[in-house]
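The values are calculated or read from the model by the stated rules, or taken from the named source; none is laboratory data. Only a predicted model underlies this, so the values are computations on that prediction, with no experimental measurement involved. Virtual Cβ from ideal backbone geometry, glycine too; neighbours counted across all protein chains shown.
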Amino acid sequence: MHGLPRRAPKPEEEEALAAKAKDLRALQSQLLSNHHSKVYTKEALDVSAKLLEKNPECYTAWNYRKLAVQHNLLAVQSDSDSDSGAIKAILDLELKVVVDALKQNYKSYGAWHHRKWVLSKGHCSLDYELKLLKKFQTADSRNFHAWNYRRFVAALLNRSEKEELDYTTEMIENNFSNYSAWHNRSVLLSSLLKKEAPGFFPKEKVLNEEYGIVQQAIFTDPDDQSGWFHYRWLLDQTVKMDAPLLASSWPAHGSNVILSRNRHLYDCSASLFDSFHSDSGTFPLVLYFNQAVKGVNSSTVAIESLFCTEDLDWKPLLQISSQFSQVWVTHIRFPEANSQYEEACAVEVSVGLSQGIVSSSGFDYSHLTRLAFKVCLSPVDTEPSKTQGRDKILWRDENFSLYQTGSEEPHKSLSIDDLIIHNVDKPTTSNWRAETIANEIAIFRELLSETSCKIGKLTLARLLTAYDVIQSQCANKMVNSEEVLELYADLLKLDPTHCQYYKDEHSLVFLQQLTSSKESLLKHCFSHKTLASSSIGNYTCLCLNKLSLTRMGSIEKLLWVQMLDLSHNELHSIEGLEAMQLLSCLNLSNNKLGSFTALAPLRMLKSLQVLDISYNEIGSDTIDKTRYLFSSPLCHTEEISWNKDENVNGCINLTNYWDAFLIFKSMSLTQLAILGNTIAGENFKSFLVKVVPTLEWLDGDKLH
């Protein structure tokens, strides 16, 4: 049992355990013999029943009984003299065996699965199943196996979701410390609200009533966490919009983008938000949604421009599955360099032109969004472009000076507010959301004035953040961010066990605050002193170094960034950076990245040329735990996409570095720093030189 300390068994207990083990081994031996010989007699079935009564977790015994049932049912059905009573007798015996096993362990996976399998055969009383469930849920009301089985039985009985919701109310009133009942309640309410079932519309009325129910549980015992989990679900339902919306894009609406094929001709006076260089002669069009969607293609997204007439191939970036992604990208070819395009070329993008964009929760994108921007092509250099001899990029403090805005005309300069797409919500809905959250904030301030409650502080932080998110749709301001940051700082001291979670949330709120205005963002924008004459292009760097960041966020406001310094933080993952398709220089040195899997987002950054991952923890652990903690493009489906027969330059041995190969094989880096990592030996450096033939600088040393 949880929370009970282990103790050494007494001599008589050891003797009893040894006798039980001997008995179990004998029964298992008989079972396996019968199983291999396909013996399904009454005596053989009795042996399996005795074994399962003693050890309900013996999956082989359950599978053996399934085979026995199928064998015996086939024999009965082939007997012309048999009746339905014989079939029922066989199935009833199985149900009895399951009950005996559940008495030993009423959380046995195998037993509950076997009972489902028996019921699927028919000939069983479903009403009896509900009565049996009542007994088990009285013994342990939080048994999630029983709740899962109840959903199965309710579906067979065609019980309405309203009836099942009333049952959760009854169970919660008997004992509000019932995680499973609260969870089942959230599942049922989600379905009823989505279908707008009678009595569950409008949504605002239903959620207001639900706030009242959960507050009774929370205020009765603030230290019990079951109600808090339901409250978090309720808060999410209040804040989020059902239908997916476009949150931001690059190029941004209203921008005048300066495109260049030659980095040496980069216009220093251009706005840092809307200039881009590409050796390939294409620029990315990035769509960042507020939730994961599928169906982004040339049918649902229309692009009108004189120079872009072909159908475009849209690709997902931040994937939650093979179909759904929060960020989608396509690449558009530069206008041809001729007199026809000397002036800026207008581009109009219509998102949601036809139905087909659908969220992972099943809601359609129903808000037609039109983006309009202009692109202007810089003059083409008459001299041959240089592909060698690039200068080394240094990340030292003395190489940077605070960014100074150019002499651009006011109407040409985008503000940070222009980078976000403001989707106008229905006034009544928007007002209700803001009023509801404000009321909850007042309630929880009162609760915290009476008792010191860690989860209460956490909930208040979430409420304040939610209120800022709602208000930011009208004005991009984070009025409560300072208080939220203080709350997370307090929680770090009060609850060090969950420090990583609090640090992550602190980082997200801090980045929301930093990107909430152009003034706060520009404080972190610096010009690289030596890059004006280099081959990098836009030499404005967003410096987010030395901020104790553990997680990246607010990426939707950073799609314009081409040079990013994240050094001297505490990052374990860089999930989200794949949306920053313009990145050409990235500094990740002195973080806590522990594997190449953590670098998976870099594979999607086709413009990346300069990368510093020095002084991390890559190679320090023989087991890549990141594979199991984070979603990553290095999933099985992605690995299969690599053609194992493709030619590898220089006969590279991938035995020890296959994960690094999957990261670097498609990158065109010219500068890489990897020193300070456990893996950064001479053999690995030789491997990198072969895998990335475009490299000119490695750990500060010139290669060519």
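Tabulated values for the structure
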quantity	calculated
Selection count where residues are free of Cβ contacts under 8 Å to residues at least 40 places away in the same chain, of a type in the set (A, V, I, L, M) and closer than 22 Å to Pro56 by Cα, scope the stretch 115-129	1
Subset of the stretch 180-201 (residues that are in contact with an Asp or Glu (Cβ under 8 Å, 6 or more places away or on another chain) and part of a helix (DSSP H, G or I))	Asn184, Leu188, Leu189, Ser191, Leu192, Lys194
Residues satisfying the stated conditions in the stretch 193-205, i.e. closer than 17 Å to Thr436 by Cα and either charged (D, E, K, R) or at pLDDT 95 or above (or both)	Lys203, Glu204, Lys205
Residue in the stretch 507-530 that is modelled with pLDDT of 95 or more and among the acidic types (Asp, Glu) present	no
Unique match (being without any contact (Cβ under 8 Å) to a residue 24 or more places away in the chain and touching a strand residue (DSSP E or B) at 6+ places or on another chain (Cβ under 7 Å)) among Leu542, Leu582	Leu542
Scope the stretch 136-149; condition surrounded by 16 or more Cβ atoms within 10 Å (Cβ to Cβ) and over 12 Å from Leu119 (Cβ atoms); matching residues	Phe136, Gln137, Ser141, Arg142, Asn143, His145, Ala146, Trp147
Exclusive hit being in a loop (DSSP other than H, G, I, E, B), touching a residue at least 40 places away in the same chain (Cβ under 8 Å) and either surrounded by fewer than 19 Cβ atoms within 10 Å (Cβ to Cβ) or of a type in the set (A, V, I, L, M) (or both), set Glu53, Glu57	Glu57
Residues within the stretch 677-690 that are under 30 Å from the mean Cα position of the chain (by Cα) and surrounded by 15 or more Cβ atoms within 10 Å (Cβ to Cβ), tallied	2
In the stretch 577-605, the residues that are in a loop (DSSP other than H, G, I, E, B) and more than 15 Å from Gln562 (Cα to Cα)	Ser589, Asn590, Asn591, Lys592, Leu593, Gly594, Ser595, Phe596
Elements of type helices (runs of 4 or more DSSP H) contained in the stretch 106-179, each with 3 or more residues being of a type in the set (D, E, K, R)	126-139, 161-174
Residues that are touching a residue at least 24 places away in the same chain (Cβ under 8 Å) and either surrounded by 13 or more Cβ atoms within 10 Å (Cβ to Cβ) or touching a strand residue (DSSP E or B) at 6+ places or on another chain (Cβ under 9 Å) (or both), drawn from the stretch 28-44	Gln28, Leu31, Leu32, Asn34, His35, Tyr40, Ala44
Meets criteria (under 13 Å from Leu52 (Cβ atoms), under 37 Å from the mean Cα position of the chain (by Cα) and of a type in the set (A, V, I, L, M, F, W, C)) for Leu102	yes
